[in-house]
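First comes the structure, then the notes that go with it.
The values are calculated or read from the model by the stated rules, or taken from the named source; none is laboratory data. The shown structure was predicted, so the numbers you read here are calculated from the model rather than taken from an experiment. Positions of Cβ are generated from backbone atoms using ideal geometry, with glycine treated the same way; all protein chains shown enter the neighbour counts. Ligands, DNA and RNA are stripped out before the accessible areas are found, and what is left, the full protein with its side chains, is counted by its heavy atoms. Shrake-Rupley method; radii C 1.70, N 1.55, O 1.52, S 1.80 Å.
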Amino acid sequence: MAFEKVCNLEDVSEGEALQIETFEEAIAVYNVGGQIFATQDRCTHGDWSLADGFLEDGVIECTLHWGKFCVRTGKVKAPPACDPLTIYPVEVRGGEIFVDYEAGKVGE
Amino acid sequence: MTAGKTKTRLNIGADPREFQKRPSWTNEDILGLLDEEDGTLDPRIYTDEDLYRLEQERVFGRAWILLGHETHVPKPGDFLTTYMGEDPVILVRQKDKSLRVFLNQCPHRGMRICRTDGGNAKSFTCSYHGWAYDLGGNLINVPYESEAFCSDFNKSEWGPTHARVETYKGLVFANWDKNAPTLLEYLSDATYYMDHMLDRTPAGTEVIGGMQKWIIPCNWKFAAEQFCSDMYHAGTVSHLSGIEAGLPEGMELSDAKIPTVGYQFRAKWGGHGTGFYVGEPGMLLAIMGPKVTEYLTDSEAASRAEQHLGSAERARQLMVQHMTVFPTCSFLPGINTVRTWQPRGPHETEIWAFTVVDADAPEEVKEEYRRQTLRTFSAGGVFEQDDGENWVEIQSVLRGHQARKRRFNIQMGKGRSGVGNKDFPGSIGYVYNEEAARGLYRQWIRMMTEPSWETLGP
Ligand code: FES
Ligand SMILES: [Fe+2]
């Protein structure tokens, strides 16, 4: 278990997503009403950044083909996506966001 | 025998012994549509289906077409869907702030790539089979590409057709033709007169929200010609009821005196034209009301414009200017409505109009421009109705065979233009004139008959 700092809390405003490129694969960090979540950034359907998508009620919509995922569980919420996202444990400490990349696991 | 001596002046009917051949429009035929010497014009330029087809290729495929204003798409990803002739295009602001224009057609099976009027996008995805394009119009994703396409399929070859895009002081133009002159060369000596609207202040202009669109059943050339060259209708009868009905409070009709001093300009190349009154603000006051008139003629902003344009005549005394940049970009400096006449067949035009204001004008002046252009020149504008009624009626009359055979008179001001003065340079004539209209149709005929920019270019 190795949590690494990825950004400051203020870098991701409410309702927004941020692409983080410090790991092997890019991840997306989301702010859902003050709660922070992290998933793989690349859509499991097409090769496209989810952080560029639309975040609404904890669901991220990919702008390429409109597949949707729950950012908390990684679960598929709309076709044409079929495979869930990998999700990562997140901790917020004193205004900084930490992610455990090694502990990522494929969602439901 | 005596009857034979009286020459009849009536132009009666046809000689019915031969049917008219279906015109195939050789260059010679097209050159005959306008006779600048005699001052006559063949009305089939407004009605003929074959000429219309040729016009899409030869005029709209090669001319600079107005798409909108830079402030329609200020931020990266901002886009507008519009047209160049009948071809749908997407105008997109790039991440590096430059602009791109590409055909709104998916090269897969031809579906419209983007189906909304405008907005902000990260990418464009075709709603048929999901081919996806980035903001620059490059094909970036093809569903089942590796499973379903052959190995030599190359995404970089299958993006949409692109157009050139250039701007002049806020107005965005595009051109399909890689050999066409630059926008600045194309605008020729008309830029000087465009500046009366676009360059009154170092802050430039900005658009007042959105785009108004409506359809009228007439050929686009009636509208383009009128804005280019026709002050005559405004100084005679077309707009009298509009002026009477909308007279500002406390203003007497005798104060809205129809001016008699003014000029018309025909660009030395390109078919662009403009005209305006000089001096008397009565008509401007009747159209735009006291607040806008004061702003233009007698305010701090007017003094700044005088300095910036380097001339009191140009900044404060020029009234009710009309202007067309060939073929379909028209606007009224001072009134500040700007529009593209979008051709929709020989008998129909979509009007796409917006209003610009000086970017540093006081908020109340901007609001007054919004209100007044809505009232005067817009889908429901009083003066817009007057103009449209005329164009639509002419088009309707031209359903008739006899009507199409009768050449129109386009003689006003013929041979009477000269070189202007220091304030109003170029080819200049009296304000009531058809010299600029002859220029517009001359350019139309040249584009319809000269395939190479080597002869056609400025
Ligand atoms: S027509 Fe656009 S993806 Fe098939
Ligand atoms: Fe008019």
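Can you spot a residue in the range B:361-373 that is of a type outside the set (A, V, I, L, M) and crowded, with 24+ Cβ neighbours inside 10 Å?
yes
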- Query: Restricting the search to the range B:183-207, which residues are surrounded by fewer than 18 Cβ atoms within 10 Å (Cβ to Cβ) and under 20 Å from B:TYR295 (Cβ atoms)?
  - Reply: B:ASP195, B:THR201, B:PRO202, B:ALA203, B:GLY204
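Any idea which residue in the range B:126-136 is most open to solvent (accessible area, probe 1.4 Å), counting only those that are within 13 Å of chain A (Cβ to nearest Cβ) and within 30 Å of B:ALA353 (Cβ to Cβ)?
If we filter the range B:126-136 for residues that are within 13 Å of chain A (Cβ to nearest Cβ), which is where we start, we get B:126-135.
With within 30 Å of B:ALA353 (Cβ to Cβ) added as a condition, the list becomes B:126-127, B:133, B:135.
Numbers: B:CYS126: 5, B:SER127: 59, B:TYR133: 0, B:LEU135: 17 Å².
Checking each candidate, the answer is B:SER127.
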- Note on the structure: Requiring at least 1 residues that are more than 18 Å from A:ALA26 (Cα to Cα), the strands (runs of 3 or more DSSP E) wholly within the range A:69-108 are A:76-78, A:90-93, A:96-99
- Query: Which condition does B:GLU57 not pass, out of (1) open to solvent by 30 Å² or more (accessible area, probe 1.4 Å); (2) within 25 Å of the chain's Cα centre (by Cα); (3) within 16 Å of ligand 1 (Cβ to nearest atom), if it passes all the others?
  - Reply: (3)
- Message: Restricting to the range B:279-313, give me the number of residues that are at pLDDT below 95 and of a type in the set (Val, Ile, Thr).
- Response: 1
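Condition check ((1) of a type in the set (Ser, Thr, Tyr); (2) within 16 Å of ligand 2 (Cβ to nearest atom); (3) within 14 Å of another protein chain (Cβ to nearest Cβ); (4) under 23 Å from B:GLU57 (Cβ atoms)) across all residues:
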site	(1), (2), (3), (4)
B:ILE216	no, yes, no, no
B:ASN219	no, no, no, yes
B:PHE222	no, yes, no, yes
B:CYS228	no, yes, no, yes
B:GLY235	no, yes, no, no
B:GLU244	no, yes, no, no
B:LYS257	no, no, no, no
- Query: In the range B:142-152, how many are part of a loop (DSSP other than H, G, I, E, B), within 14 Å of another protein chain (Cβ to nearest Cβ) and among the charged types (D, E, K, R)?
  - Reply: 0
- Query: Do we find that A:GLN35 is within 14 Å of another protein chain (Cβ to nearest Cβ) and either open to solvent by 50 Å² or more (accessible area, probe 1.4 Å) or over 11 Å from the mean Cα position of the chain (by Cα) (or both) in this structure?
  - Reply: no
- Out of (1) assigned to a loop (DSSP other than H, G, I, E, B); (2) open to solvent by 60 Å² or more (accessible area, probe 1.4 Å), the one A:THR63 does not meet is (2)
- Can you tell me how many residues in the range B:115-173 are more than 30 Å from B:TYR186 (Cα to Cα), of a type in the set (Asp, Glu) and touching a helix residue (DSSP H, G or I) at 6+ places or on another chain (Cβ under 8 Å)? 1
- Task: Among the numbered conditions (1) modelled with pLDDT of 95 or more; (2) away from ligand 2 (no atom under 16 Å from the Cβ); (3) open to solvent by 80 Å² or more (accessible area, probe 1.4 Å), tell me where B:VAL419 comes up short.
- Result: (1)
- In the list B:GLY159, B:GLY77, B:GLY118, which residue meets the criterion of being of a type in the set (Gly, Ala, Ser) and within 16 Å of ligand 1 (Cβ to nearest atom)? B:GLY159
